[in-house]
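Colleague: So that we are looking at the same thing, I have put the structure below in structure tokens.
Every read-out reported here was derived from the displayed coordinates using simple, explicitly stated rules and does not represent laboratory data. Model, not experiment: these values are computed from the prediction. Cβ: placed from backbone, ideal geometry, glycine included. Neighbour counts: every protein chain shown.
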Amino acid sequence: KLEILFKRGSKALSSKRYETSIKYFRQLLRYPEHEYSMDSQEFLGFAYELSHQINDARKEYSRYLSLYPESNGATRVRQRMASLLTARIDPREKLRKRNLELKNAKWQAFSALSQFYRLDNSQLNSDPTLNNLSLLSTGASVNARYRGENYVMESRFIGSYDLDFKDDNSKSTTSITSMSFNVSDLQRNLYASIGRQNLNKDGVLGRMDGVQLSYIVNEYLKLNTVMGFVVENTRKSANSDKFFTGISADLGTFANAWDFNVYYISQKDGDIVGREAVGSEIRYFDPQRTLFSLIDYDIKFGELNSLLINGRWAFKNKIQINAAIDIRKSPFLTTTNALQNLTGNLVGARTVDDLLGLGLTENEIIDRARASTATSRALLLGINAPVSETYQVSFDVSRNNLSPSGVPGGVRAPGTGNEYLYNLQLIGTSVFMDNDSTIFGYRYSDTDRSEVNSLSLNTRIPLTREWRLNPRIRFDQRKNTDGTTQSVNAFALRVDYRFKRNMNFELDLGREISNRVNVNNVNNNLLIPNTSSETVSTFFS
């Protein structure tokens, strides 16, 4: 639903229906933080600006900069904010506003607590029921923000506690996803962040325990540095063998649309350098067109680690075309990949330093890592078009392949040929009642292992302001290359009940029935009669 609302708001903005776009973006921002929150906040301010509601535009831009001071769009928003403030302000009014800001400067705290019990059982034919999952998961997040005249500060914690009842002896695990503190000095144009955080930018490969520092030189240039330890598992402390440092520069926004980023990063892996890369990001944005590209090249290996190009074009007739090219190493190329598929006297090595201790040289480790890493290539082309006030159709086709990998004389992982996926959706709004959403889907995949035809129905029904239903149905028919066929019938129902403004209850029930038939009378190269097996899976959360 969030994606649908965001697309509607973007379409309304590009077609100059500003009040409509404002309605959609405000609706999106009523939800807890999600993947469209940051863009929705910026687009809301932009819609207010284009509709000449200047005070509201300033307010939304200020909120964006308060929430996302270090985002790629922050410079662009600052420029738009500055353009709204070019009118001269009476000194007495300016002083009055400053005193008011100082008076209103304060901390604001936001918190959320969630608890889910998840149960998953399965049964093969008439065998006893097998318990796959019985888990009580408790999650908590706490955000505290301060905005004054000179400083903006924020602390964040996101964690969970899982209690596993699957075995007789229940086990518990604790996970810390995020625990950080950041501060922006608005007068000196400085920013600092410390703690556990998820970057996925400037060459950092995900989550880290570390420090990020930034300095805004001018409206077109921001310099950054980052250092820290890689966090491979949120249930454990950071990997002390993997320390990295990096520098980067953000450039833009130019022509009110273009943003650039360049970076260099070096990461240790024990006693050797495990990754040394340079890269760049390019972003282009206007209401009709967007473009994002990323390139990461590893100097140490002399290999292209990642190349991503993603673009969208919206036309005046409301048709949208999107395309993507994604070429990357799988997994991402580092010396740690040399630890895969070990044989002989290397079995048991857990770190790169272990490999060095067993007699391998750094060059041999690099060669093993390179040979153990596959290359994934994916192409996608899609189109989205309205067919009426109620329905829009979406179609995309993708081609994927994965190269073989593995060191000579060791375990080899076979690659795949070209695998094709076709996805067709008919998306309806207010089909059965006001503000509902319904997605009819058909998917066909053609891979090395099977051909699959899949039909699905996903409906979200707002019965009242408090009650929402989400029934889902899926039927799959699979023809495998090993001579078997498989049918899957899946049914699920999610119920959301909003008890109070800050309290929700969710119930998700589902059942999946899978029937596998051996058509060619062949199983594990032995001739056997035609066989049929049925697996029934039930989940609850």
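Colleague: Could you check the simple spin-label distance between residue 491 and residue 362, using points 7 Å along Cα→Cβ, in nm with one decimal?
Modeller: Modelled inter-label distance: 6.3 nm.
Colleague: Under 20 Å from a label point 7 Å along Cα→Cβ of residue 106: give me every residue in segment 114-154 with its amide N that close.
Modeller: Under cut-off, by backbone N: 143-154.
Colleague: Residues of segment 492-520 with backbone nitrogen within less than 14 Å of a virtual label 7 Å along the Cα-to-Cβ line of residue 432, please, listed as ranges.
Modeller: 492-496, by backbone N distance to the label point.
Colleague: Just round it to a whole percent: the fraction of Cα-Cα distances in the chain exceeding 39 Å. Mind dumping the intermediate values first?
Modeller: Numbers: 57099 of 146070 pairs.
Every Cα pair in the chain considered, those over 39 Å come to 39 percent.
Colleague: Further, regarding this structure: Take the alpha carbon atoms of segment 313-339, find their center, do the same for segment 178-233, and report the distance between the two centers in whole angstrom.
Modeller: Measuring centre to centre over Cα atoms gives 24 Å.
Colleague: Within the chain, which is the longest segment that contains none of the GluC sites (Glu not before Pro) sitting in a DSSP loop with at most 15 other Cβ atoms within 10 Å? Intermediate values should be presented prior to the final figure.
Modeller: Numbers: sites that count: 33, 35, 149, 219, 232, 389, 466.
So the longest stretch without any such site is 233-388.
Colleague: A further question on this structure: What does the convex hull of the Cα atoms of segment 329-402 come to per residue, in Å³, rounded to a whole number? Could the numbers behind the result be given before it?
Modeller: Details: hull volume 8.9 nm³, N = 74.
Cα convex hull per residue, to the nearest whole number: 120 Å³.
Colleague: If one computes the Cα centroid of segment 351-420 and of segment 112-160, what distance in Å separates the two points?
Modeller: That distance is 30 Å.
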